[in-house]
Amino acid sequence: MDGEPFFVTGVNNHYLTYGSKDEVTRVLDDAVAMRANVVRTFLQPVIGSLDGRVATIWDWQLEGEASNLAVKGTYLLYWDPSQNSMAINDGANGMQKVDFLIAEAGKRHLRLIITVLDFWAFTGGAQQMRAWYGSRDEATFFFSDPRTKRDYRTWVRHVVQRVNPLTGLAYRDDPTIMAWELINEGNAKPEALRLAWTAEMSAYFKSLDSNHLVSSGNANIFDPKLADLTIPSIDFGTWHGYPVYYNLTIQQFNDMIPEFCQLGARAKKPVLLEEFGHARSNKNAAEAYAMWLDTLTRDRNCAGWMVWRLVSRQDSGRYPVDEHDQFDIHNDGGALWNILKAAAARATQTRDTSPAPESGQQLP
């Protein structure tokens with residue numbers, strides 16, 4: 001950025017496009033307090049039709065807190081029976097929430113990675129879009145059917161060309177946005193379909209917006225690792241790491257970090273560990289985060305890290321309960337918070353003073 005290498009020290013948050021204004025600004029303020037420089041989020045929710053004739057496949061009316069998927073009437077995409085087609089909500093409970101997020105992030109000098117759709121059905125995502133057409137095929141239909149591919153391109157075009165009334169900038173011209181991601185963990189099957197869809201849609205993004213980086217948003221953890229790095233219109237690689245889900249020790253996971261970063265060096269593209277987490281209840285949680293962050297910072301082939309996930313106080317005044325995954329990070333002065341804050345502060349100094357890569361390796 002500005003002619004200098006940019007090492008990402010970032011956070012994920014899943015409710016920034018449907019939380020209240022106070023909930024959004026608390027997350028952004030906590031990101032600044034952690035010394036993060038990038039925030040990643042998803043464009044959501046996606047519903048059926050407002051009249052119920054086309055079902056919403058997830059609990060859109062859920063009561064509770066934003067962190068636990070209570071969207072309180074927010075929706076970005078929906079099915080319009082009168083037009084028999086997808087429609088986009090540009091209202092106060094729709095895209096205006098995205099406008100607010102971008103404007104507030106810019107005020108805090110934070111960059112955004114915006115993933116334009118989620119694969120998973122937690123708030124609709126690609127699963128809701130294939131359900132509009134009566135499909136139950138979770139892995140193939142969305143990526144192959146001409147109608148969902150048309151809907152996706154329409155959505156991308158609308159987002160990229162939207163002018164934010166709070167900044168006066170079209171999204172495609174806004175430097176607060178660091179990168180677009182096609183879809184979060186788009187687990188298309190077979191793999192050849194995923195790569196073909198990724199190539200097609202990333203090229204479409206580039207045809208509309210030459211200012212921003214584009215990545216797949218894929219977890220890319222399984223062989224072939226980082227296969228989408230070979231696609232010319234993909235600018236950087238992503239991978240998601242949760243050792244407990246892969247039956248890995250924290251040391252085994254640590255050993256994977258240079259492997260992924262080296263794959264990026266060979267492809268002459270940055271690689272970002274953009275999601276990772278380890279349950280707080282593990283006795284070695286603090287040790288794990290400290291080890292991984294140190295490895296990522298010291299390896300000059302690594303482009304950075306983004307923890308899953310920073311969650312701030314809800315409008316209730318409480319941090320949400322996180323008893324399932326136990327990945328939530330809070331600005332609470334605890335051990336994990338202090339490790340992440342220290343790692344973010346240390347990253348710039350370490351990257352500026354560490355040795356250059358070995359001959360033949362490429363800086364991100």
- Which percent of the accessible heavy-atom area of the chain goes to carbon and sulfur, probe 1.4 angstrom? 50
- How far is the Cα center of the stretch 327-352 from the Cα center of the stretch 183-250, in Å? 27
- For the stretch 35-95 the trypsin sites (Lys or Arg not before Pro) that pass both the DSSP coil test and the at-most-13 other-Cβ-within-10 Å test are 53
- Message: At 1.4 Å probe radius, can you tell me the per residue accessible area of the chain in Å²?
- Response: 41
- Pair residue 244, residue 109: separation of 7 Å Cα→Cβ label points (nm): 3.7
- Out of every Cα pair in the stretch 114-252, what percent are spaced more than 23 Å from each other? 37
- Query: Which distance in nm do the two modelled labels at residue 135 and residue 279 give, with both placed 7 Å along the Cα-to-Cβ direction?
  - Reply: 3.5
- Message: For the pairs 21/341; 189/341; 97/225, flag any whose C-alpha to C-alpha distance is greater than 27 Å.
- Response: 189/341; 97/225
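Restricting to Cα pairs below 8 Å that are 6+ residues apart, what does the relative contact order work out to for the stretch 149-225? Please round to a whole percent.
35
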- Per GNM of the chain with C-alpha springs under 10 angstrom, the most fluctuating residue out of 251, 96, 83 is 83
- Note on the chain, DSSP bridge orientation, antiparallel percent to nearest 5 equals 15
- Query: Given DSSP loops and a limit of at most 12 other Cβ atoms within 10 Å, what is the longest stretch of the chain that contains no such GluC sites (Glu not before Pro)?
  - Reply: 64-322
- Query: Under a 5 Å amide H to amide H cut-off, with H placed in plane at 1.01 Å, what residues pair with residue 276 once short-range neighbours are removed?
  - Reply: 241, 308
- Note on the structure: Quick calc, the stretch 112-156, dipole around Cα centre from Cβ unit charges on Lys, Arg (+) and Asp, Glu (-), nearest 20 debye, gives 180
- Query: Okay, helix-only estimate at 222 nm for the chain: each DSSP H run of n ≥ 4 adds -39500 (n - 2.57), divide by all residues, round to 500 deg cm²/dmol; what do you get?
  - Reply: -10500 deg cm²/dmol
- GNM, the chain, Cα, under 10 Å: largest mean-square fluctuation among 289, 245, 78? 245
- Which of 158, 14 is most accessible, then next, and so on - probe 1.4 Å: 158, 14
- Could you give the spread of the C-alpha atoms of the chain along their three principal axes, from largest to smallest, in whole angstroms? 62, 46, 44
- Task: Before anything else, pin down the relative contact order of the stretch 57-184: Cα pairs under 8 Å, at least 6 apart, normalised by residue count, whole percent.
- Result: 26
- Message: Solvent-accessible area of residue 197, probe 1.4 Å, all protein chains present, reported in Å² to the nearest ten, please.
- Response: 10
- Note on the structure: So, relative contact order of the chain in percent, Cα under 8 Å, 6 or more apart, is 18
- Query: Which length gain, in nm to one decimal place, applies between residue 262 and residue 4 when the Cα-Cα distance is subtracted from 0.36 nm times their residue separation?
  - Reply: 90.8 nm
- Message: Using a 7 Å offset from the Cα along the Cα-to-Cβ direction at both residue 32 and residue 51, what is the distance between the two label points in nm, to one decimal?
- Response: 4.6
- Message: If you restrict to DSSP beta bridges whose two residues both lie in the stretch 71-189, what percentage is antiparallel, to the nearest 5?
- Response: 50
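The values are calculated or read from the model by the stated rules, or taken from the named source; none is laboratory data. As the structure is a computational prediction, the values presented were derived from the model and not from experiment. Neighbour counts run over all protein chains shown; Cβ positions are idealised from the backbone, glycine included. What goes into the accessible areas is simple: the full protein's heavy atoms, side chains included, and nothing from ligands, DNA or RNA. Shrake-Rupley method; radii C 1.70, N 1.55, O 1.52, S 1.80 Å.
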